[in-house]
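Here the structure is laid out as structure tokens; the discussion comes afterwards.
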Amino acid sequence: MIEIGAQVELSHPAERVWRALTDRELLGRWFAEAEMVEGVPDRMLLHTAGLPGFEANVEVEVTERQEPDLLVLACDEAGRLSELTCAVTTTKQGCRLELREVSTHGAWSAEQHEPREQQLRQALTVRLPAILDWLAFQQVDLRGADGGMTAELPLIGVRGRAGRNPRRRRTLVAVVAGAVLVAGTTAWVTLPPDPKPAAAPAPTATASPTVTAGPVTVAPTATPSARPSRTTASATTSPSRTPSAKPSRTPASAAPPPPPPPAPVTARYETDSDRLFGYTGEIVVRNPGGALVADWAVVVTLAEGTTVDDVDGANWRQDKQVITFTGAAVPAGGSQTISFDVRDSRPNAREPESCTIGGQQCAGL
């Protein structure tokens, strides 16, 4: 286990420090540019490639948040995984910010460790205080002259926890990302998922037409010495050649057997969103037939150690790694959408191991 730590005393309130850690634009001013991962509110990508001690950009995800005191982040930097803890403690002069990053998979090289820690300390002791001073000046209400000067600069537009905008959740991701970048993130190997083409629908088997005329009407070949009969119907082939019954009077091609009926319902799987340790899956069950289908079940097999929660659109039950989804009847030409959240122990897992409906493979997987 390799650890990097840094601590700084700041003459600013904990709420202001929290904002500097969690606001994406402010984070980019004192540490590194950051961008949100589309569709995932608690994940952020920090552009740290090229900074001292960093070999690549760092992807971070918030795993614990107690505003404005504690942030815990899971960090992934080009195959190295680490956990970053950011603790803010209120003091008489302002607050104390302490960062502690522990490597959980992989390790920084000796050439990386020292410059990475120096980069973190410089960001905390030089650039962060400057940003906090600038932020404090921006928050001064110059119109409030009647109030006089105060020891603490007033904050404009900063609300308590109960009134926080829900979008602050995204800001939290920025905090995580900032802390991760600042602390120097180590991450597991991030293997990009191999793009899989959508599975084509199962082909419908169509039997080839079977012609039954030859063996029945070729009596002269089977019995060359026999007197030719007036009608082919009276000809009799040898048992070895025609084990079937009496031949037809009029040689004709037999009608091909009808193709097997299509599956009552079909299903397609897609990964709606993903994160470091899990993803959200979506299954669309369709009824292409002309009659309502009331009895259907989708069976999904997950990796070992994986759990499911927040299921929407179906009833479900779990037996070890097998999840069975059932639901309301699907009308003719209609569909039913199932959404479910997966907590996967494998980093960067993107999809279940298998998905079937009525014994047929789900498309898209």
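The values are calculated or read from the model by the stated rules, or taken from the named source; none is laboratory data. Not measured: the values here are computed from a predicted model. Cβ placement follows ideal geometry from the backbone for every residue including glycine, while neighbour counts extend to all protein chains displayed. The area values use the complete protein model at the heavy-atom level, side chains included, leaving out ligands, DNA and RNA. Shrake-Rupley method; radii C 1.70, N 1.55, O 1.52, S 1.80 Å.
Have a look at Leu21, Leu71, Leu45, Leu26 and point out the one that is touching a residue at least 60 places away in the same chain (Cβ under 8 Å), assigned to a strand (DSSP E or B), of a type in the set (A, V, I, L, M) and open to solvent by less than 20 Å² (accessible area, probe 1.4 Å). From the options Leu21, Leu71, Leu45, Leu26, the qualifying one is Leu71.
Of the residues making up the range 308-341, those that are touching a Ser or Thr at 6+ places or on another chain (Cβ under 9 Å) and either among the charged types (D, E, K, R) or open to solvent by 40 Å² or more (accessible area, probe 1.4 Å) (or both) are Asp310, Asp312, Asn315, Trp316, Arg317, Gln318, Gln321, Val322, Asp341.
The listed residues are Asp295, Asp319, Asp344, Asp310, and the only one of them that is acidic (Asp, Glu) and touching a Gly at 6+ places or on another chain (Cβ under 9 Å) turns out to be Asp344. Restricting attention to the range 111-131, the residues that are crowded, with 21+ Cβ neighbours inside 10 Å and either more than 18 Å from Gln93 (Cα to Cα) or of a type in the set (Phe, Trp, Tyr) (or both) total 4. Of the residues making up the range 275-301, those that are under 22 Å from Val265 (Cβ atoms) and open to solvent by less than 30 Å² (accessible area, probe 1.4 Å) are Gly281, Ile283, Val284, Val285, Asn287, Val293, Trp296, Val298, Val300. It is to be established whether one or more residues within the range 83-91 are part of a loop (DSSP other than H, G, I, E, B), polar (S, T, N, Q) and open to solvent by 10 Å² or more (accessible area, probe 1.4 Å). Yes, the range 83-91 contains a residue that is part of a loop (DSSP other than H, G, I, E, B), polar (S, T, N, Q) and open to solvent by 10 Å² or more (accessible area, probe 1.4 Å).
Taking the criterion of being small (Gly, Ala, Ser), touching an Asp or Glu at 6+ places or on another chain (Cβ under 8 Å) and at pLDDT 90 or above, the only residue of the range 255-308 that qualifies is Gly281. The single condition among (1) under 20 Å from the mean Cα position of the chain (by Cα); (2) at pLDDT 85 or above that Glu38 does not meet is (2).
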